[in-house]
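Right, one structure below, let's go through it.
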Amino acid sequence: MKQCLLVLALSFLTSLAYAETRDYKKTGPMTAQVVITTDTKDSIQAASYIDGLEIKKFIAELLVDPDSSLAIAKKELEIENCGEEASPANNNLANCGKVMATGFVQTSFGRGGWMECGASYTFFLGFQSTGSGRFFEATRMVQIREEVSAHVDENLNYTGQLTKSLSLENIETISGHLN
């Protein structure tokens, strides 16, 4: 029992040694930025922060921002399937259905040394009809980009901050019908 408590205490202290704060801010209709501040100023790898932690929040914000391409695609799907668009307060169109986003998956990754890294994530947007039998058809493939850069001084030493940029890169219409 004492060994278990010791391991838990050491794990807690180790996590405190690498504490970080993340300041998320939407910067445009299709972009967001996260400033990450770490306690450590050495042994940092930008690739460690390509983690997708803010992607769900970013997608949710894009879906309700009337100027984003994702919100426009959502409205198109609502009109195609129901002849009307949902209200911002209620995503579900009564007796018709709702637009849904699938989970995302990382589809590319690249790093430029310890200071820079980027990745792309892909998910699908589609319509789920209302009724006793549920039917979901994905008709839009969406790509989100996540890039991280470490802040450095004039000697290229890490300063304790990184900037993560999120952007909506592409929406492709796909055929969701099975042959």
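Of note:
- Karplus 3J(HN,Hα) series, Hz, for the stretch 54-64 with 6.51 cos²θ - 1.76 cosθ + 1.60 (x for Gly, Pro): 9, 5, 4, 4, 4, 4, 4, 5, 5, 5, 9
- Rounded Å value of the spacing that divides the Cα centres of the stretch 140-172 and the stretch 85-120: 17
- q = 0.09, 0.18 Å⁻¹: log10 I(q)/I(0) that the Debye formula gives for the chain, counting C-alpha atoms only: -0.45, -1.10
- Here the 3J(HN,Hα) profile of the stretch 67-79, calculated from phi with Karplus coefficients 6.51, -1.76 and 1.60 at θ = phi - 60°, is 8, 7, 4, 5, 5, 5, 5, 4, 4, 4, 5, 5, 5 Hz, Gly and Pro shown as x.
- Annotation: lysines with alpha-carbon distance below 28 angstrom to LYS98 (same-chain offsets under eight excluded): LYS25, LYS26, LYS56, LYS57, LYS74, LYS75.
- Across the protein chains, with a 1.4 Å probe defining accessible surface, the residues ARG111, ARG140, ARG134 rank ARG134, ARG111, ARG140 from largest area downward.
- Mean separation of Cα contacts under 8 Å (6+ apart) over length of the stretch 86-179, as relative contact order %: 22
- Rolling a 1.4 Å probe over the protein heavy atoms gives the stretch 24-179 an accessible area of 55 Å² per residue.
- Relative contact order of the chain, taken over Cα pairs closer than 8 Å and 6 or more residues apart, is 22 percent.
- Counting only the Cα atoms, the stretch 78-179 fills a convex hull of 148 Å³ per residue.
- Of the solvent-accessible surface of the chain, computed with a 1.4 Å probe over protein heavy atoms with every protein chain present, carbon and sulfur atoms account for 54 percent.
The values are calculated or read from the model by the stated rules, or taken from the named source; none is laboratory data. It should be emphasised that the depicted structure is a prediction, and the values quoted were computed from it without experimental measurement. The protein model used for the area step is the full one, side chains on, heavy atoms only, and it has no ligands, DNA or RNA in it. Shrake-Rupley method; radii C 1.70, N 1.55, O 1.52, S 1.80 Å.
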